[in-house]
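The values are calculated or read from the model by the stated rules, or taken from the named source; none is laboratory data. Predicted, not measured: the structure shown is a model, and the values here were computed from it. Every residue, glycine as well, gets a Cβ built from its backbone with ideal geometry; the counts of neighbours run over all protein chains shown. The area values use the complete protein model at the heavy-atom level, side chains included, leaving out ligands, DNA and RNA. Shrake-Rupley method; radii C 1.70, N 1.55, O 1.52, S 1.80 Å.
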Amino acid sequence: MAQDNSCIIAIFGASGDLTKRKLMPALYALFRQGLLPKNFAVLGTSRSPFTDEAYRKRIIEDVVTYAGIKKSEQKQLEPFSKHIYYLAMDATDVSHYDDLKDKLSKIDSAEKTGGNYIFYLSTSPSLYTSIAKNLGKKGLAKEGKDSSWRRIIIEKPFGRDLESAQELNHDLQRIFKEDQIYRIDHYLGKETVQDIFALRFSNGIFEPLWNRNYISRVEITAAETIGVEERGGYYDHYGALRDMIQNHLLQVLGTVTIEPPSFFDATDVRNESIKIFQSLRPIKPGDVDKCAVRGQYTESVINGKKVLGYRQEKDVAHDSMTETFVALKLYIDNWRWGGVPFYLRTGKCLPSRVSEVVIEFKRTPHHLFTQDELCSAKPNQLIIRIQPDEGILLRFGMKKPGAGFDIEEVGMDFHYSELVDTYIPEAYERLILDCIMGDATHYARADAVEACWKFVDPILKAWEDDPEVKLYGYPVGTWGPPEARHIFDSPNEDWRYPTDHLTTDGDFYELK
Ligand code: BG6
């Protein structure tokens with residue numbers, strides 16, 4: 001029997017930032033495209049006192065602001081907002097869950113949603129366990145004999161280290177079965193990250209080359225121009241390794257490197273990606289310095305304007321040793337990737353916002369032709385641009401027209417923006433829809449989360465405990481500390497810099 005996708009999405013933390021910036025705009029986009037089930041409802045809950053009507057009004061305003069809808073088109077949001085309800089409650093107080101149960105049941109009868117509920121925890125991670133327990137105590141986690149279903153979505157961070165992640169998984173799994181738990185990693189919902197599967201597994205030309213015999217190195221970058229903005233309090237306890245590498249970048253790595261699954265479903269795809277995470281070569285405590293470099297942005301002057309450094313940001317300790325930049329070298333010890341170095345890099349306050357994967361191919365075994373300096377310095381590269389300007393670029397050498405055989409580097413460039421009528425959905429749209437349809441392929445499984453923590457834990461430990469490990473300052477607007485090159489095997493190697501440094505006036509120095 002086909003699954004009934006009708007459901008209520010109950011959002012905890014409904015007056016928070018994520019709800020207004022991402023969740024509601026994503027739900028509205030799905031509604032507008034006719035992708036939500038015919039019978040659906042959204043129930044927002046938080047401590048703030050709202051009536052259903054007042055909350056609907058607020059959501060309309062938020063969606064107008066964050067989904068870039070013209071004020072004149074605001075009327076179109078009304079049919080969507082009619083499916084939105086609100087309940088003021090304290091999520092940590094189990095007695096409030098009777099009201100929740102009651103409200104859900106009333107909405108369920110009114111909207112005919114078949115008793116199917118998704119609980120979206122858009123709250124501080126410190127509340128995950130208590131919300132899950134309270135849902136469990138009131139019987140809200142239990143799926144009905146009548147085939148009604150219950151799912152829970154949680155946002156990263158899933159713990160702060162291996163131990164806390166194991167504890168969280170254990171607590172959640174005592175209440176929900178693993179196939180009811182959807183751990184969202186929004187990078188897995190990005191269209192261009194998903195396109196890596198299509199590129200690899202639907203094209204005859206790439207897959208035969210996709211291994212250690214032809215690929216010499218791989219770079220994965222997620223660079224941001226923004227700093228920590230209003231999130232200093234959270235960020236100062238996490239840092240870039242926990243915030244970006246442990247989840248987003250390792251998940252992208254998994255997508256680039258997994259073996260072809262037998263079927264494209266949640267079980268097979270995730271069974272393959274866990275093998276990658278378990279094959280990550282452990283970094284020994286004494287080797288952390290050789291394969292990981294951390295940095296923190298410092299104040300600088302850009303175009304004559306002073307820009308604050310990380311330690312001057314709101315809610316950040318003035319002597320903080322939290323990293324806002326990480327460069328990391330790792331190896332995957334398996335048959336396909338043995339010996340290929342993978343370089344991961346992420347940072348805040350860099351010169352441009354760009355996330356990309358660079359696959360670098362081995363050079364020809366013998367140079368027949370003269371190559372200009374630029375070309376001989378750059379081997380063939382396949383660049384998967386995750387964002388912005390989503391697309392794929394292949395760089396290779398061609399003969400310069402005219403006498404002789406001079407080789408020049410050229411590129412074959414595909415931009416999604418060139419496709420007519422193409423709408424690239426936001427990651428949250430795709431992932432929420434997947435959860436409604438019961439498809440967890442692009443959600444992180446418990447074992448994968450733990451394997452990724454197991455890999456990063458020794459780095460975290462060395463950074464926290466070893467005073468010898470340096471933290472390098474880099475002025476806002478630069479590509480991170482120059483020491484990020486120290487992890488390369490050869491001094492001739494370098495990162496790809498999609499744009500230059502900004503014109504900044506600031507010094508590079510070690511932070512203590
Ligand atoms: C979030 C991190 O998960 O991803 C943020 O917590 C980061 O610090 C963001 O800014 C980056 O996402 P995107 O989609 O803008 O690359």
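Beyond 26 Å in Cα-Cα separation lie the following of the pairs LYS362/LYS400; LYS71/LYS305; LYS103/LYS177; LYS156/LYS314; LYS190/LYS400; LYS275/LYS470: LYS71/LYS305; LYS190/LYS400; LYS275/LYS470. A 1.4 Å probe run over the protein chains yields, for the stretch 1-54, 44 Å² of accessible area per residue, whole-number rounding. Once both labels are positioned 7 Å from their Cα atoms along Cα-to-Cβ, the gap between GLU259 and GLU408 label points is 4.5 nm. Here the chain exposes an accessible surface that is 52 percent carbon and sulfur, computed with a 1.4 Å probe and the other protein chains kept in place. With every protein chain present, what is the per residue accessible area of the stretch 68-153 (1.4 Å probe, Å²)? The answer is 47 Å² per residue. If you plug the beta carbon distance of HIS237 and SER109 into 1/(1 + (r/R0)^6) with R0 = 45 Å, you get a FRET efficiency near 0.55. Phi angles of the stretch 199-213 translate, via the Karplus equation with coefficients 6.51, -1.76, 1.60 and θ = phi - 60°, into HN-Hα couplings of 4, 6, 9, 10, 10, x, 7, 8, 4, x, 8, 7, 6, 5, 6 Hz per residue; Gly and Pro are given as x.
At an R0 of 45 angstrom, the distance between the Cβ atoms of ASP4 and PHE508 translates into a FRET efficiency of 0.15. The alpha-carbon positions of the chain define a convex hull whose volume is 181 Å³ per residue. Per-residue ellipticity at 222 nm, computed for the chain from helices alone with -39500 (n - 2.57) per DSSP H run of at least four residues, works out to -8500 deg cm²/dmol.
Reducing the stretch 175-211 and the stretch 265-298 to their Cα centroids gives an inter-centroid distance of 17 Å. Residues whose amide H falls under 5 Å from that of ASP406, counting only those 5 or more places apart or on a different chain, are LYS400, with hydrogens built in the peptide plane. 3J(HN,Hα) along the stretch 385-395: 8, 6, 6, x, 6, 3, x, 9, 10, 10, 10 Hz, from the Karplus curve 6.51 cos²θ - 1.76 cosθ + 1.60 with θ = phi - 60°, whole Hz, x for Gly and Pro. Of all DSSP beta bridges confined to the chain, the antiparallel ones make up roughly 55%. What the stretch 369-487 shows is 47 Å² of accessible area per residue, with the surface traced by a 1.4 Å probe over protein heavy atoms. Note on ASP466 and GLU61: the model spin-label points, each 7 Å out from Cα along the C-beta direction, lie 5.2 nm apart.
If you take the C-alpha gyration tensor of the stretch 330-445, multiply each eigenvalue by 5 and take the square root, what semi-axes do you get, largest first, in whole Å? List each step's numbers first, then the result.
Working: eigenvalues 249, 87, 40 Å².
The three semi-axes for the stretch 330-445 are 35, 21, 14 Å.
Summing Lys, Arg as +1 and Asp, Glu as -1, what charge do residues with Cβ under 11 Å from the Cβ of SER262 carry, SER262 excluded?
-4
Taking Cα atoms only, the orientation of helix 52-66 departs from the longest principal axis of the chain by about 20 degrees. When the Cα convex hull of the stretch 413-512 is projected onto planes of every orientation, the mean area is 11.9 nm².
With a cut-off of 12 Å on the backbone N, no residue of the stretch 108-129 is near the modelled label site 7 Å out from ARG353 along Cα-Cβ. In sequence order, the stretch 349-358 has phi-based couplings of 6, 8, x, 8, 8, 8, 10, 7, 10, 10 Hz under the Karplus curve 6.51 cos²θ - 1.76 cosθ + 1.60, θ = phi - 60°, and Gly or Pro positions carry x.
Put the Cα centre of the stretch 43-115 next to the Cα centre of the stretch 465-480 and the gap is 44 Å. Relative to the current alpha-carbon distance between GLU163 and GLU230, full extension at 0.36 nm per residue lengthens the span by 21.3 nm. For TYR416 and GLN173, FRET efficiency with R0 = 30 Å and r from the beta-carbon atoms, rounded to 0.05? Efficiency at R0 = 30 Å is approximately 0.20. Net length available on complete extension from VAL94 to LYS142 is 15.6 nm, with 0.36 nm assigned per residue and the Cα-Cα distance removed.
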